[in-house]
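Chemist: Handing you a structure now.
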Amino acid sequence: MLNYADKNRLAIFKNLCETNKYFNVGYPEDFDFDYSELKDFLDYSLNNCGDHEAYCNYVLNTFQFEKEAVDWFIRAFKGEPKDIYGYVTHGGTEGNLWGMWIAREKYPEGIVYLSKDSHYSAAKNIRMLGMDSKAIDIDQYGVMVYSDLAKKVDTSKPAIIFATIGSTARGAVDDVSEVISTLKKAGVKEYYIHGDQALSGAILPFVDDPQPYSFEDGFDSLTVCLTKGFGSPMPAAVALAKRKNLENISCEIDYIKSHDLTVAGSRNGFTPLIAWYIIKAMSMECMRERVKYKLDLAQYVVDELNKNGVKAWRSKNSITVVAPRPSEAFIHKHKLAPFDDSIHIITTAHNTMSSLDLLIYELLVDYDITLNSELRRSVVSKE
Ligand SMILES: *Cc1c(COP(=O)(O)O)cnc(C)c1O
């Protein structure tokens, strides 16, 4: 039991959480969830060490739920569980590390190509794995420039593509059908495509006209965050990869009489329950509606800013609205994530038109005070 002072600290912290629950307009976490039905399971030491498809001596695992959730995600990305394997990772970074590890074991000589807008963890993973890599230029919307890929690709070695499907800054989606045709045209014989779908993997399977995101589109592995878009209350992601490429990373674990295909040793047994809860509590139709709601909100923000002469824009199927950079005071007040001469506003599920109206109003006032019209025009227009 905690003493009085420590109890009090927790009470103060709880208050801070309650007050700031809806704070984020610069990050893609949603706060429209309720996991009270899962609370009991914090009373047990759940551990999903190893492969959820294998027998494991450690009884307090949530493998049955993990398998069901993973199969759902495999189908959402147009794969078949007999061809695709996956697991619930600690987050997007681990999912990307796993995908790149599988790629490196398949093509030890391969070179990684990734856009300059890729998440910072991509470079971290590449360093950890000791892989060679080349950064590819991006266009003004943050998308990989395919002609630069054609120019930089080494046709004598396998190409490992780290495609960004929803960039952190601009919500940019690299088009892997363009990537694949660029590689083929250049004469690359062997390639591996990994999709960093941390962000837009929570959008593209649920819209009418998606950019390429699925196994049918040519991905060999991909990762999608449960925190960004699905409403997981703690970091978690789903990582998926073709089974045929997994042989090289499998290892046996004697002391729990199982084997392991994952990056971690002990794995969180609670987050697979969250993944399962997400797919059970929300129907496909409900997910589609929720995504549409967020996309409509993003378009609303763009329209309102444009109407007032501010050159804000968003990419197709993106909830990330890019706008000119306001004052530091505004950025600090709203805990925004600035980049270059821009900021972004990410329209998550707990937002409403009226909550965004207030933000838009404050932003316009701030622009009038701090920016001249020259600066307003300097941010790229989507027209
Ligand atoms: C958030 C994010 C990641 C990293 O995910 P974590 O869960 O924070 O490890 C990777 N790539 C992109 C594009 C992201 O948005």
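Bear in mind these aren't lab numbers, they're just calculated from the coordinates by the rules spelled out. Not measured: the values here are computed from a predicted model. For neighbour counting, all protein chains shown are included, and Cβ atoms are generated from backbone atoms with ideal geometry for every residue, glycine included.
Chemist: Among all the aspartates and glutamates, which ones have a C-alpha under 20 Å from Lys152's C-alpha, if same-chain residues fewer than 8 places away are not counted?
Modeler: Within the straight-line cut-off, Lys152 pairs with Glu109, Asp117, Asp132, Asp137, Asp139, Asp174, Asp175, Glu178, Glu190.
Chemist: Right, another one. Can you list the residues of region 173-198 with backbone N under 12 Å from a point 7 Å past the Cα of Lys134, pointing along Cα to Cβ?
Modeler: Residues 183, 186-188 qualify, since their backbone N sits under 12 Å from the label point.
Chemist: Then there is this: Of the options Pro210, Cys251, Tyr192, report the single residue whose Cα projects farthest towards the positive end of the charge dipole of region 185-258 (beta-carbon charges: Lys, Arg +1; Asp, Glu -1).
Modeler: Result: Cys251, furthest along the dipole toward the positive end.
Chemist: With springs only between Cα atoms under 10 Å, which of Leu42, Leu363, Leu261 fluctuates most in a Gaussian network model of the chain?
Modeler: Leu42
Chemist: Continuing with the same structure: Which of rounded, prolate or oblate describes region 36-280 when judged by the alpha-carbon gyration tensor and an a/c cut-off of 1.5?
Modeler: It comes out prolate by the Cα gyration axes.
Chemist: Please sort 168-175, 19-26 by packing, taking for each peptide the average over its residues of neighbouring beta carbons within 10 angstrom, highest first.
Modeler: Final packing ranking: 168-175, 19-26.
Chemist: Using Cα positions and a limit of under 16 Å, work out the lysines in reach of Lys78, with same-chain residues fewer than 8 apart set aside.
Modeler: The reachable lysines, counting only those whose Cα sits under 16 Å from Lys78, are Lys242.
Chemist: Can I ask one more? Under 8 Å for C-alpha pairs, at least 6 residues apart: give me the relative contact order for region 36-280, rounded to a whole percent.
Modeler: 30
Chemist: At what distance in angstrom do the alpha carbon centres of region 171-250 and region 78-128 lie from each other?
Modeler: Region 171-250 and region 78-128 have Cα centres separated by 9 Å.
Chemist: Same structure, new question: Within region 60-80, whose backbone N sits under 18 Å from a point 7 Å along Cα→Cβ of Tyr44?
Modeler: 60-69, by backbone N distance to the label point.
Chemist: Moving to a separate point now. Using unit Cβ charges (K, R positive; D, E negative) and no other charged atoms, how large, in debye to the nearest 20, is the dipole of region 34-144 about its Cα centre?
Modeler: Dipole magnitude for region 34-144 comes out near 420 debye.
Chemist: Excluding same-chain residues fewer than 8 positions from Lys67, which aspartates and glutamates have a Cα within less than 15 Å of its Cα?
Modeler: Asp51, Glu53, Glu80, Asp83, Asp260
Chemist: By how many nm would the segment from Val59 to Lys116 lengthen if fully extended, with 0.36 nm per residue of separation less the alpha-carbon distance?
Modeler: 16.1 nm
Chemist: Rounded to the nearest 5, what is the percent of antiparallel bridges among the DSSP beta bridges in region 36-280?
Modeler: The antiparallel proportion sits near 50 percent.
Chemist: Of the GluC sites (Glu not before Pro) in region 72-137, which ones lie in a loop per DSSP and count no more than 15 other C-beta atoms within 10 Å?
Modeler: Glu109
Chemist: While we're looking at this one, here's another question. Anyone know which of Ser115, Ser45, Ser221 comes out most mobile in the 10 Å Cα GNM of the chain?
Modeler: Ser45
Chemist: Can I ask one more? Can you tell me the length gained on complete extension of the stretch Glu216 to Lys244, counting 0.36 nm per residue apart and subtracting the Cα distance?
Modeler: So the extension gain works out to 8.5 nm.
Chemist: With +1 on each Lys and Arg Cβ and -1 on each Asp and Glu Cβ, and nothing else charged, work out how big the dipole of the chain is about its Cα centre, in Debye to the nearest 20.
Modeler: Computed charge dipole of the chain: roughly 440 debye.
Chemist: Looking at the square roots a ≥ b ≥ c of the eigenvalues of the Cα gyration tensor of region 81-219, which shape do they give, rounded for a/c under 1.5, prolate if a/b is larger than b/c, or oblate?
Modeler: Rounded, because the longest to shortest axis ratio a/c is under 1.5.
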